[in-house]
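The values are calculated or read from the model by the stated rules, or taken from the named source; none is laboratory data. In this text, all values refer to a predicted model and were calculated from it rather than measured experimentally. A quick note on method: Cβ atoms are made from the backbone with ideal geometry, for glycine too, and the neighbour counts reach across all protein chains shown. Surface areas here come from the heavy atoms of the whole protein model, side chains and all, with no ligands, DNA or RNA. Shrake-Rupley method; radii C 1.70, N 1.55, O 1.52, S 1.80 Å.
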Amino acid sequence: MAINKLTVSMSPHDYGKYSVKKIMSGVVLAMIPALLVSVYYFGFDAIRVNLIAIASCVFFEWLFQKIFIKGKLTINDGSAVVTGMLLAFNVPSNLPWWIIVIGALVAIGIAKMTFGGLGNNPFNPALVGRVFLLISFPVQMTSWPKVSVLNFAMTDAQTGATPLAIVKEGLKNGESYSSIMNSMPHEYVDMLMGNIGGSLGEISAVALILGGLFMLFRKIITWHIPVSIIGTVAIFTAILYGINPETYASPVFHLLTGGLMLGAIFMATDMVTSPMTGKGMLVYGVGIGVITVLIRVWGAYPEGVSFAILIMNAVVPLINNWLKPKRFGETIKK
Amino acid sequence: MLNQMKEETIMNNLKNFTKGFFRENPVFILLLGLCPTLGVTTSAINGLAMGLATTFVLIGSNVVIALIKGLIPDKVRIPSFIVVIASFVTIIDLVMSAYVPALYESLGLFIPLIVVNCIVLGRAEAFASKNTVFSSLIDGLGMGLGFAFALTLLGGLREILGSIAIFNWKIFEGIARLINPATDYTQPDGILVFVLAPGAFFGLAYLIVLMKKISK
């Protein structure tokens, strides 16, 4: 009978073409430029770290789902691959394999599966893994290998400090910012292209921005979070630089060094752990920017992006509650 | 008739004793006394010492409060309990500083802070002020040992993960010594975060999960 073929259901009646798998593969594609840059500068080690991180993340996701959560396996949706790549992007390329595996266990086991898997985690899994490793293995996590173009020989590379650490150390010893920058081996062009010490994926601002534009174009992210984070950091450090250019680093330096671009474009924009509304995203981004600068300028660590994002992740439910959009038809009480 | 009553009291006392370990474990089930639990359990020996010190105070205060429960006016019972508890804490504080100064140093402020431990005051208010001396003694012993058990477990977990040792015995180095006594092998550092405060929260959370699974 014809009447039975007429299905009356609740909206939505039409579905977009986005699925978790599509979004995750888009993120992976967006990370390819940064990955290529890291291979160019760190050689075979970059591939090694990435492969170990991705393999162990997927393995732990499978293991925890098999043992504890049960139900449908979700390792095929690619979220574990993204977590693994982001974790690899956040560590130095000379990290021993067992530390990477511990990081993957913490990222997937503690930060993601304990809360019930993808969609339920309050904190960005890759960042929890990174911060756990940074606190647990401070020596291994802060010995950055010096970059050497296309070095595929498996020799132990020299290690050196990141530009942020050099500036922090210099300022602590009472040197002026301009004299530190004069003796700094890196130019701004190096920072833009990635020819500086640092974690695997954070070194090249250009490659990260390229990936960000791709995700923006594919509508995986919106402009709110990256723009508000980068803008806040730029304005805040510009004010400090304006007050005293000898004791505070310039805004251009702050924008191009450390994990700011990686954090603003790939980590903070994680759909699960960021606010839902545009206004909320702006508040979240400003918070991350302010905390980042506070830690970088006055904190004990030279870099604060990962801590800032985790702190603001914790505030996201409050932001969502505060900036709830008005329901259609709801009258505003005067 | 008399025999049956005797049997019942024995059963009751046994129940009072064992409930501190699993069914009403102060740390894992009641979530009382979390401040020393999170603060001192950087190693198994610290946890055990803290647990035993608290056990002593619990037994002492439970017995004395059960003895004088008829004399305490209801309106000033909390200050009276605190005075009794504080006397026992002073005793254990002085005894520990005299006989185990190293342990006393590492536990630091947490020994005097037993005075305000919720378990001690909680058992005084909820149990000792309503029950007989003997069952209060059993209750204090059971609760105290349950607390010591929980702290030792958490301390052991944090010590194994954080510094790869148990009761100050370095595991890798110890095994290397057993195989070759002349070795000069030094073991690597552990996962440092477990010695710090966040590790206490991680460890406690997963131990509570484990306890829930076991007691089901």
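A quick yes/no check of all residues on (1) open to solvent by 40 Å² or more (accessible area, probe 1.4 Å); (2) in contact with a helix residue (DSSP H, G or I) (Cβ under 6 Å, 6 or more places away or on another chain); (3) part of a loop (DSSP other than H, G, I, E, B):
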{"residue": "A:Tyr248", "(1), (2), (3)": "yes, yes, yes"}
{"residue": "A:Leu262", "(1), (2), (3)": "no, yes, no"}
{"residue": "A:Pro275", "(1), (2), (3)": "no, yes, yes"}
{"residue": "A:Met281", "(1), (2), (3)": "no, yes, no"}
{"residue": "A:Ile288", "(1), (2), (3)": "no, yes, no"}
{"residue": "A:Val293", "(1), (2), (3)": "no, yes, no"}
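Do you know which residues across the range B:164-192 are touching a Leu at 6+ places or on another chain (Cβ under 9 Å) and either at pLDDT 90 or above or within 14 Å of chain A (Cβ to nearest Cβ) (or both)? Steps first, please.
First pass over the range B:164-192, keeping only residues touching a Leu at 6+ places or on another chain (Cβ under 9 Å): B:167, B:190-191.
B:Gly190, B:Ile191 - these are the residues of the range B:164-192 that are touching a Leu at 6+ places or on another chain (Cβ under 9 Å) and either at pLDDT 90 or above or within 14 Å of chain A (Cβ to nearest Cβ) (or both).
Determine, yes or no, whether B:Leu196 is open to solvent by 60 Å² or more (accessible area, probe 1.4 Å) and more than 14 Å from chain A (Cβ to nearest Cβ).
It is false that B:Leu196 is open to solvent by 60 Å² or more (accessible area, probe 1.4 Å) and more than 14 Å from chain A (Cβ to nearest Cβ).
Considering only residues that are on the phi < 0 side of the Ramachandran plot and not in a helix (DSSP H, G or I), which ones fall in the range A:37-62?
none
So is B:Leu14 among the hydrophobic types (A, V, I, L, M, F, W, C) and open to solvent by 70 Å² or more (accessible area, probe 1.4 Å) or not?
Against the criterion (among the hydrophobic types (A, V, I, L, M, F, W, C) and open to solvent by 70 Å² or more (accessible area, probe 1.4 Å)), B:Leu14 qualifies.
Which of (1) modelled with pLDDT under 85; (2) over 18 Å from B:Ile45 (Cα atoms); (3) open to solvent by 30 Å² or more (accessible area, probe 1.4 Å) does B:Asn131 not meet, given it meets every other one?
With (1) modelled with pLDDT under 85; (2) over 18 Å from B:Ile45 (Cα atoms); (3) open to solvent by 30 Å² or more (accessible area, probe 1.4 Å) applied to B:Asn131, the lone miss is (1).
Open to solvent by less than 80 Å² (accessible area, probe 1.4 Å), more than 14 Å from chain A (Cβ to nearest Cβ) and farther than 10 Å from B:Ala44 by Cα - does that describe any residue in the range B:155-162?
Scanning the range B:155-162 turns up no residue that is open to solvent by less than 80 Å² (accessible area, probe 1.4 Å), more than 14 Å from chain A (Cβ to nearest Cβ) and farther than 10 Å from B:Ala44 by Cα.
Does the range A:176-194 hold any residues that are assigned to a loop (DSSP other than H, G, I, E, B) and either open to solvent by 50 Å² or more (accessible area, probe 1.4 Å) or under 22 Å from A:Thr247 (Cβ atoms) (or both), and which are they?
Step one: list which residues in the range A:176-194 are assigned to a loop (DSSP other than H, G, I, E, B), which gives A:176, A:184-187, A:194.
Result: A:Ser176, A:Met184, A:Pro185, A:His186, A:Glu187.
Surrounded by 14 or more Cβ atoms within 10 Å (Cβ to Cβ), within 14 Å of another protein chain (Cβ to nearest Cβ) and closer than 27 Å to B:Thr37 by Cα - does that describe any residue in the range B:147-154? Walk me through it before giving the result.
We begin by selecting, within the range B:147-154, every residue surrounded by 14 or more Cβ atoms within 10 Å (Cβ to Cβ); these are B:147-154.
If we keep only those that are within 14 Å of another protein chain (Cβ to nearest Cβ) too, we end up with none.
So far as the range B:147-154 goes, no, none of its residues is surrounded by 14 or more Cβ atoms within 10 Å (Cβ to Cβ), within 14 Å of another protein chain (Cβ to nearest Cβ) and closer than 27 Å to B:Thr37 by Cα.
So in the range A:30-62, with the set limited to residues that are among the β-branched types (Val, Ile, Thr) and in contact (Cβ under 8 Å) with a residue 60 or more places away in the chain, which one is most open to solvent (accessible area, probe 1.4 Å)?
Among them, the one singled out is A:Ile32.
For B:Ala205, state whether it is of a type in the set (A, V, I, L, M, F, W, C), more than 14 Å from chain A (Cβ to nearest Cβ) and in a helix (DSSP H, G or I).
Here the answer is no, as B:Ala205 does not meet what is asked.
Test A:Ile221 against the criterion of being of a type in the set (A, V, I, L, M), open to solvent by 70 Å² or more (accessible area, probe 1.4 Å) and either without any contact (Cβ under 8 Å) to a residue 60 or more places away in the chain or not in a helix (DSSP H, G or I) (or both), and give yes or no.
Taking the combined requirement at face value, the residue does not satisfy it.
Quick check: anything in the range A:13-27 among the acidic types (Asp, Glu) and open to solvent by 30 Å² or more (accessible area, probe 1.4 Å)?
Yes.
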